[in-house]
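What follows draws every value from the coordinates through simple rules; no lab data is involved. In this text the structure is predicted, and so the values were computed from the model without any measurement. When we count neighbours, we look across all protein chains shown, and the Cβ atoms used for this are built from the backbone with ideal geometry, even at glycine.
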Amino acid sequence: MKKTIYVLLTSLFITAASCSKGSEGTKTPGKTTGGKTETETPSFTAADATTAYTAFNRYYYNPTARLYYSTTLQDGLGAIWTQAIYWDMAMNVYERTKDNAQLNMVKDMYQGGFNQYDGYNWDNTTTWFIYDDMMWWVMALARAHQLTGNQEYLQKAIAGFNRVWDGSYDPVDGGMFWDFKHSGKNACINFPTVIAAMRLYKITGDAAYFDKAKSVYNWAKTNLVDANGRVADHKIGNNAPGYEDYTYNQGTAIGAAYALYKETKDNAFMADAKLYADYTKNKMCTNGILPAEGDFNEQGVLKAIFAQYITQLINEGGQTQYLDWIKTNVNTGWNNRDKARNLTWRNYALPAATGVMQSYESSSIVTFMQLVPTK
């Protein structure tokens with residue numbers, strides 16, 4: 001991704017100020033108990049999940065390019081790495097609905113990426129200018145193969161993984177560099193590498209992927225995570241880790257730990273996943289609401305990545321203690337949508353913007369809605 005890890009203090013201040021307003025969403029009259037009237041945020045439905053995705057496509061999808069615009073102005077495509085996140089969203093919708101038309105959407109988006117990004121030519125250093133951009137696509141390509149059985153998707157995923165591993169992995173000190181210049185080792189390449197490696201291991205049975213996943217996870221846990229489950233954004237050389245709280249780093253750490261737990265049944269990995277989730281819930285939220293990342297930049301997509309892995313922990317891992325928290329976020333964000341367009345945005349706690357919006361900031365609630373159970 002085009003890195004925005006060094007966020008301006010001004011942007012942080014705006015985000016914190018917006019988030020500090022808490023969960024003041026649209027409320028409906030609730031029940032009366034003990035003479036005190038309570039209010040409840042309306043719960044979203046499966047129909048709402050479809051409505052949200054339909055609106056997202058109406059305002060952001062380019063059917064010619066078969067990829068997504070960056071804004072409602074529809075004057076340019078979104079960043080290369082975010083298209084892989086939107087492809088994940090399309091797969092989520094298909095898994096929820098089992099609609100054949102949505103399966104065609106999944107196939108169309110693969111072709112859109114093929115056309116736009118030099119046939120997934122991983123050696124093109126103009127198209128691909130950073131390792132984690134590639135790895136987001138490798139993860140999605142492996143998942144698309146799992147969903148469809150398409151061998152072309154698998155071969156592209158394997159080639160992409162090998163390209164990143166050969167260029168990014170540090171055979172001396174361990175861990176993955178995020179950029180071609182090897183300026184630092186970031187969470188956004190290390191934990192996704194674990195997830196991608198575990199997917200390829202499950203598909204191919206090649207134990208080398210499993211070994212690589214364990215090696216990278218061990219490095220990342222040792223160098224990028226503190227005792228409270230806080231995931232650092234990066235580590236540069238022998239310097240101390242750079243701790244900047246981002247939901248996607250917490251999310252991919254959850255996903256990496258859970259993937260290893262699912263394979264090994266080692267409870268230490270499950271404990272890690274819960275620790276990362278607990279930090280996000282208890283330290284990164286205001287009144288339970290996730291931070292409003294993405295002040296008109298690509299960070300708006302971060303919570304869409306978090307959605308993938310916290311819901312996996314809930315739905316597959318049985319960690320339902322997080323469900324009410326996540327539902328509160330989804331319901332608050334959906335009820336604060338721009339109701340004229342049914343577009344959601346990055347700051348769940350406040351009414352959505354009504355002017356120009358970015359696909360990045362509109363994506364996370366839509367993603368959550370495909371993944372969170374409605375009953």
(request) Report the residue count in the stretch 59-94 for those that are of a type outside the set (Phe, Trp, Tyr), over 19 Å from residue 303 (Cβ atoms) and either without any contact (Cβ under 8 Å) to a residue 60 or more places away in the chain or buried (at least 21 other Cβ atoms within 10 Å of the Cβ) (or both). (result) 11
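Let's see how each residue does on (1) acidic (Asp, Glu); (2) closer than 16 Å to residue 88 by Cβ; (3) in contact with a helix residue (DSSP H, G or I) (Cβ under 8 Å, 6 or more places away or on another chain); (4) without any contact (Cβ under 8 Å) to a residue 40 or more places away in the chain:
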position	(1), (2), (3), (4)
124	no, no, yes, yes
133	yes, yes, yes, no
136	no, yes, yes, no
142	no, yes, yes, no
145	no, yes, yes, no
153	no, yes, yes, no
156	no, yes, yes, yes
159	no, no, yes, yes
176	no, no, yes, no
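Take residue 194 and decide whether it is part of a helix (DSSP H, G or I), in contact with a helix residue (DSSP H, G or I) (Cβ under 9 Å, 6 or more places away or on another chain), among the β-branched types (Val, Ile, Thr) and in contact (Cβ under 8 Å) with a residue 60 or more places away in the chain. Write out each step before concluding.
Working: part of a helix (DSSP H, G or I): yes; in contact with a helix residue (DSSP H, G or I) (Cβ under 9 Å, 6 or more places away or on another chain): yes; among the β-branched types (Val, Ile, Thr): yes; in contact (Cβ under 8 Å) with a residue 60 or more places away in the chain: yes.
Yes.
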(request) Looking only at the stretch 354-371, count how many residues are aliphatic (A, V, I, L, M) and either touching a strand residue (DSSP E or B) at 6+ places or on another chain (Cβ under 7 Å) or at positive phi (or both). (result) 2
(message) For the structure I just gave you, tell me whether residue 340 is in contact with a Leu (Cβ under 9 Å, 6 or more places away or on another chain), touching a residue at least 12 places away in the same chain (Cβ under 8 Å) and outside any helix (DSSP H, G or I).
(response) no
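I need the helices (runs of 4 or more DSSP H) fully contained in the stretch 244-329, keeping only those with at least 2 residues that are charged (D, E, K, R) and either under 21 Å from residue 133 (Cβ atoms) or in contact with a helix residue (DSSP H, G or I) (Cβ under 6 Å, 6 or more places away or on another chain) (or both). Full working, then the answer.
On the way: elements: 247-264, 267-283, 302-315.
Counting at least 2 such residues, we get 267-283.
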(message) If I filter the stretch 316-365 down to residues being of a type in the set (A, V, I, L, M) and closer than 30 Å to residue 263 by Cβ, which single residue comes out as surrounded by the fewest Cβ atoms within 10 Å (Cβ to Cβ)?
(response) 323
(request) Could you tell me which residue of the stretch 203-243 is nearest to the chain's Cα centre (by Cα), considering only residues that are in a loop (DSSP other than H, G, I, E, B), more than 22 Å from residue 292 (Cβ to Cβ) and charged (D, E, K, R)? (result) 226
(message) Just to verify a result, which residue in the stretch 125-150, among those that are among the hydrophobic types (A, V, I, L, M, F, W, C) and more than 18 Å from residue 166 (Cα to Cα), is surrounded by the most Cβ atoms within 10 Å (Cβ to Cβ)?
(response) 141
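For the stretch 173-187, what are the residues that are closer than 19 Å to residue 221 by Cβ and among the hydrophobic types (A, V, I, L, M, F, W, C)? Break it down stepwise before answering.
Of the stretch 173-187, the ones closer than 19 Å to residue 221 by Cβ are 173-178, 184-187.
Listed by number, the residues that qualify are 176, 177, 178, 187.
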(message) If residue 299 satisfies all but one of (1) buried (at least 24 other Cβ atoms within 10 Å of the Cβ); (2) within 22 Å of residue 49 (Cα to Cα), what's the number of the condition it fails?
(response) (2)
(request) Sort out which residues of the stretch 212-223 are out of contact with any strand residue (DSSP E or B) (no Cβ under 6 Å at 6 or more places or on another chain) and farther than 15 Å from residue 269 by Cα, and write them in order of number. (result) 212
(request) Please give the number of the condition residue 182 fails out of (1) in a helix (DSSP H, G or I); (2) farther than 20 Å from residue 312 by Cβ; (3) without any contact (Cβ under 8 Å) to a residue 40 or more places away in the chain. (result) (1)
(request) Please specify each residue of the stretch 346-368 satisfying the condition of being touching a Gly at 6+ places or on another chain (Cβ under 9 Å), hydrophobic (A, V, I, L, M, F, W, C) and within 23 Å of residue 95 (Cα to Cα). (result) 365, 368
